[in-house]
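Single-structure report; data block below.
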Amino acid sequence: MEEEEHRRSQNIYKICRSIKRRDSSLYNALRSIYEDSIFVGEIAQLWPELPLLANLRCGLWYSPNFHSNCYFKSTDGHTNNLSFSTARLNLHVALLVAQRGGCIIVDSTRKGKRFPDSMSKTIPIWTCVLNRAILNYKRKRDRCDCPQNQSGTTNEPVNPDQGSSDWDCSLHLPLWVSETEKEMIGKRLEGWNMELEASGADIASIALALRKPLRPLWISQKTVIWLNEVPEFDSWDFTPIILVSTSSLSGSQQRTTSEFSWNYIAGAGDDEESWARGLSPDLFWKHVNDIISSGPDTCNQKIANIVENDRVCRAYRGENAPQVSVRPSKCLGSTSKVLIGESLQLDSITVAEGEKSSYYHGILFLGSTNIGVCKSQLAMEASPACCILNCDRESVSASLHNPEMYLHLPILDSKLDRRSLLRNLPSALNFARSQLRQGNTLLICCCNGEDISVCVCLAIFTSFYDETAGNFDDGRWLSKRLITKLELRRRLVFVCKYVVNARPSRGNLKQVFACLTGECIIPSVS
């Protein structure tokens, strides 16, 4: 009897999995993204002056016209994991918002909610903490300028809660966040402000550029908007961060056209490795009409052809073009560039502030240093005068480069090998030191220019540059003191100020800290 019940339950399970596989097909995912993108385009047209930003990684699929991107994690807004991350400060967003008077951020969710936690809590926490930090900065500046202080009066601690009539530091959360959670967040704001101040983030630049406090607004497909009453964004007494959730609350439902039927998937852009079969947002929007008109029956073959043709074209150009391997699916990357500072030119490659592209990776330099971070593909196209530290798992042709100015270290992600970065960092630091001593430009690259290359860059910058002006000191600063987590966090904030697409994983950052605190020895250069 028990065996029969077990068999029956197994059969029911297999049927459910089969239905889920059918409903979560590649065509259903891409058609859902396309339909939701129409809503994104309509909202963007309401405020065409505001830059459109994608919240990585899911949001990147929902428009071909993103100005830039940001990285607000939903996990930072989860009820039992409320946090303000100094590793994901998104200060480039704050500066862009200050320059343009606001922005529109796009994301989605599969969870059956109107908004992901990144929009319900992570971004509201971010705006509140930044507003408080800006007010704190302004008050300190005013007190320093006050004649009474110049005569010797001691500055008192600044409490942002003792508000200003023209600068709102309130915590603005959507109505569906409970009072209990709101109280939990309110109790932690002061601690997060202290962490932000200790991180060494450049609040002054934002405070000088931002005219009105930041405040989030929420728009979903259920939001009612009277088109004849849409206010001008600059008429508000705050700087709007308009949060657009593309997901429809209708969930998985069958939709029919004159040609075929398909199933809608909320938040279909999430977890692209499990369904995209090598297709990127850039390729999708380049071939969107062919893909959508192909229908469910021929979509898979159409995508396979598009991905393979793109791979062959990149191979002909001498770019990195590995075979695409599709991860087996049980139920069935890419960022844009913002460069802070003056435009930089490396022979045929120009990276300029404000250039728009939905899928562009620039060579991002750390301030006035000669260290740059980028994708492997772009590094190989750079001038032969640049030395390259390639951390990509795949070997990339560097025939134009002097072998003494090129080093390939196949570093694996911490999820695949918890000590791969730690083992390779001594060689990376040794190579970087020898090149920087000669005054060479050093390009650090990996497959996406977002994680491993950023962590290697952090290790190099911390090891060989002083803590004030970012001047190369050949490691003298580090030799005189032990690195702390706070100091490494401050250095990471500096790196992320310029490498705005940085998404270093916690596992890789742990290996950098382990290396700099003595778990591995940096070989000396004679």
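The values are calculated or read from the model by the stated rules, or taken from the named source; none is laboratory data. A quick note: this is a predicted structure, and the numbers were derived from the prediction, not measured. All Cβ positions, even for glycine, are placed from backbone atoms using ideal geometry, and neighbour counts span all protein chains on display.
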Q | Residue in region 458-485 that is nearest to V499 (Cα to Cα), counting only those that are small (G, A, S) and surrounded by fewer than 17 Cβ atoms within 10 Å (Cβ to Cβ) | A | G470
Q: Report, by residue number, each residue of region 64-118 that is surrounded by fewer than 24 Cβ atoms within 10 Å (Cβ to Cβ), among the small types (G, A, S) and touching a Gly at 6+ places or on another chain (Cβ under 9 Å).
A: S83, G112
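Residues N28, N69, N81, N65: which one is modelled with pLDDT of 90 or more and closer than 30 Å to R490 by Cα?
N69
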Q. Does R211 count as within 18 Å of A94 (Cα to Cα), surrounded by fewer than 20 Cβ atoms within 10 Å (Cβ to Cβ), more than 24 Å from the chain's Cα centre (by Cα) and of a type outside the set (S, T, Y)?
A. yes
Q: Mind listing whichever residues of region 441-461 are polar (S, T, N, Q) and touching a Phe, Trp or Tyr at 6+ places or on another chain (Cβ under 9 Å)?
A: T441
Q.
One residue is enough: does region 70-81 have a residue meeting the conditions within 24 Å of V288 (Cβ to Cβ), out of contact with any Asp or Glu (no Cβ under 6 Å at 6 or more places or on another chain) and outside any loop (DSSP other than H, G, I, E, B)?
A. yes
